[in-house]
Structure formats: C-alpha cells, structure tokens
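The values are calculated or read from the model by the stated rules, or taken from the named source; none is laboratory data. None of the values given here were measured: they were computed from a predicted structure. Cβ placement follows ideal geometry from the backbone for every residue including glycine, while neighbour counts extend to all protein chains displayed.
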Amino acid sequence: MTPTLQWTGDAFHGRLVLIDQTLLPLECREIECDTHERVFESIRSLRVRGAPAIGVAAAYGVVVGLQSAASKDPAEFRRRLLEVTDRLAASRPTAVNLFWALDRLKRVADEEAGLAPRDLIVRLLEEARAIEVEDQEMCAAIGRHGAELLRDGAGVLTHCNAGALATAGKGTALSVFFSAVEQGKRLHVYADETRPLLQGARLTAWELSQRGIPVTLICDSMAAQVMREKRVEAVVVGADRIAANGDTANKIGTYSVALAAKAHGIPFYVAAPTSTFDLSLPTGEGIPIEERKPEEITHGFGRQTAPTGVNVYNPAFDVTPAELISAIITEKGLIRPVTTENVQQVVNS
Ligand code: MRU
C-alpha cells in the first residue's frame, strides 16, 4: 500500500511525498512537496488531512522550508524558522496536532540553539521522523485498546475518515476496526459519506474495501435510521482536538451522530492519540472551528447544486460534549467515564 506520507532523501535536499487525497478514490497519485508553501497548500486544500497526518506533514514542512537557510548564519536560520512555522500554523485552525508538532520542532531548535544551522536542520529532520514513528506506534496501541470494546459479529458506524489516510500509521478509529478484524472478529462497518467533502465515501469506504472489510456507505442523514434498525451496536470516530474535560471537536456531523447514539443507547467512542488533547482549554467552547468556503456546499465536486448567491454556513467541525462520549480510546488506554480528572490522569500518565 502507498504510504499516506513519507520523507525521501536527506535533510538538505529531501522532500515530503504524500498521496493527493483530493483525487481518491479514482486515482492514488503521490505529489512531492519541496517547499513549505507547497505543504501549506496541501494541508489547506486537504490533499493531506486528518489531525495526526497534518501534524506529521507540518513537521516535515518545517524541514523543507529551512533547506534554503541551512547555509545561512544562525540568526537568519532562526528568523526563517519562525517565518515557516507561522505560515504552516495558519494552514488550518482546528486540529491541535498541527500546533503540537510545530511547537515540538521549535522547542528542539531552542534546546539546540548552540548548533550550526547545518547540524540543526539534521536534528529537526530527526525530530520530524520521531513524530512520524510515534504516530505509527500510537495508532497501533489505540487499535489494541479499542478492539476489546467490539464484539465478534458487530455492526459499527464511523464518520469522516480516521484511518491510515489520516495518520502516519493505521489510523485511530479505523485502527480499532483493523485490530478487531486481526483478532478474528467479524465486523460490518457503516460509513457516513460525510458531507460536504465526502471523506467517508471517498476515503473510508476506499480504505476498508482495500483491506477487505465489509463496508456499507450511507448518507449522513441515515445514521439515526441505521441505529433504529439495530444495524450497528457501537460508533467509533476520530478527533481533531479534545479539551481538558473531554469535549471533542471532530468533523462536522459527529455531534449529530453522538446525539443519535445516545437516543438509541449505543456506545459512542472517540479514538485519538494524546497529541490530540489540548489541556489548555477547560471545555470545548474554546476550540476554534474552521469555516470553509461556500463553494464546497454550493458547487460540490464541480457541479452547481444551489441557487447562485445563496447564503451558506460551512463549519468544518463540531464539538461533541463529553457527556455523550462513552469512552476515549488513547494509546495509553481508555478514558472512561470521560471526566476532567480521568482525562488528566490518562494523558499525563
Ligand atoms: O477535514 P478533515 O478531513 O481533516 O477532518 C478529519 C477529521 O475530522 C478526522 O476525524 C480527525 O482528524 C481524526 S483523524 C485520525
């Protein structure tokens, strides 16, 4: 399988190579990012997307952005580092993994301030690689912890794409399904198509089909009916940012799925690495929600489907309150029940 993203080459001439997810499922084509501006554009236009993958891409984006400054003096290298990290930080506002990864690279640059730029860029590439490897390990651990929650023969539902395409590893929510299937459990996954950009239809349905896991695609508005018909007995989704009390921002429509799950007595699980928690925010109220352009709704995939000039509101994420979440599945184990105390305990363990 083609990796979602990978670094090729050394610190001075290497490139970030990633699958252009806007072309899926019709075409699985890789693109090369040899400038941080290209990485910025790839994140903003969702060629690479999903909170953990955005973090890894941004870390490598810092390295490509610094290549032209590797032979400059330390002050000029430092100035360029801040310019590049500020630019990448402006690509998308909600997924905290982006800021987490950029801060991690800036911290390394501070700690290693005595190094010459040529050595520092090598060290920053090492750190970006470490973020990628840790992400792979976190995905595997999330899968192991989450698989225990699912019964052999279960129908499960997911929203958006929290799979390998959204991370450097096996995914978060989909890693739970992959691990359960590896344990010999039979699952049937219902994938919400995820309007307006169809990550569920284009990416989740594709990933599951590639791995031979039975998947049924539904429109977002069908989830409650699917629950009423008892086709699913658990929901597992990913997250873009989780506040200290467990309130969770994820793809728009997740909140409605959580409400429907509550109404039908179905457990609603969030699967996310600890890099997705933002303990500086006491509740989800402070999570910045990205608003995207109206054309994503009025001209989805190139065809006008609404009257010219109609008012549009297009938030890309919503916040599911902690009380609707049965458990958060992290690489360090389960947070259950979802309370501020339990979040603190697991995230800081
Ligand atoms: O706009 P996207 O496609 O980046 O949104 C992605 C999601 O909402 C995912 O569920 C989330 O980032 C978790 S990915 C492991």
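In segment 288-317, the residue that is farthest from Leu23 (Cα to Cα) out of those that are within 16 Å of the ligand (Cβ to nearest atom) and aliphatic (A, V, I, L, M) is Ile289.
When we screen Thr204, Thr194 for residues that are within 14 Å of the ligand (Cβ to nearest atom), at pLDDT 95 or above, assigned to a helix (DSSP H, G or I) and among the β-branched types (Val, Ile, Thr), the only hit is Thr204. Residues of segment 48-75 that are out of contact with any strand residue (DSSP E or B) (no Cβ under 9 Å at 6 or more places or on another chain) and within 11 Å of the ligand (Cβ to nearest atom): Arg49, Ile54, Gly55. Only strands (runs of 3 or more DSSP E) whose full extent lies in segment 1-91 are considered here, and the ones with at least 2 residues that are farther than 25 Å from Met138 by Cα are 30-33.
Before we move on, is Val343 in contact with a helix residue (DSSP H, G or I) (Cβ under 7 Å, 6 or more places away or on another chain) and either among the β-branched types (Val, Ile, Thr) or part of a loop (DSSP other than H, G, I, E, B) (or both)? Against the criterion (in contact with a helix residue (DSSP H, G or I) (Cβ under 7 Å, 6 or more places away or on another chain) and either among the β-branched types (Val, Ile, Thr) or part of a loop (DSSP other than H, G, I, E, B) (or both)), Val343 does not qualify. Scanning segment 256-267 for residues that are within 21 Å of Asp192 (Cα to Cα) and of a type in the set (Lys, Arg) turns up at least one hit. Run down Gly284, Gly253 and say which single residue is within 13 Å of the ligand (Cβ to nearest atom), crowded, with 19+ Cβ neighbours inside 10 Å and under 15 Å from Pro315 (Cβ atoms). The unique qualifying residue is Gly253. Selection over segment 176-187 of residues that are touching a residue at least 40 places away in the same chain (Cβ under 8 Å) and under 12 Å from Leu208 (Cβ atoms) gives a count of 1. I'd like to verify a number: residues in segment 141-162 that are in contact (Cβ under 8 Å) with a residue 40 or more places away in the chain and either more than 13 Å from the ligand (Cβ to nearest atom) or in a strand (DSSP E or B) (or both), how many? Of the residues in segment 141-162, 10 are in contact (Cβ under 8 Å) with a residue 40 or more places away in the chain and either more than 13 Å from the ligand (Cβ to nearest atom) or in a strand (DSSP E or B) (or both). Selection of strands (runs of 3 or more DSSP E) fully inside segment 234-283 by the criterion of at least 1 residues being of a type outside the set (D, E, K, R) and farther than 19 Å from Gly146 by Cα returns 241-243, 248-251. For segment 207-241, a residue qualifies if it is exposed (fewer than 15 other Cβ atoms within 10 Å of the Cβ) and either under 16 Å from Lys185 (Cα atoms) or within 16 Å of the ligand (Cβ to nearest atom) (or both), and the qualifying residues are Gly212, Pro214. Total residues in segment 171-188 satisfying the condition of being in contact with a Ser or Thr (Cβ under 8 Å, 6 or more places away or on another chain) and surrounded by fewer than 24 Cβ atoms within 10 Å (Cβ to Cβ): the figure is 1.
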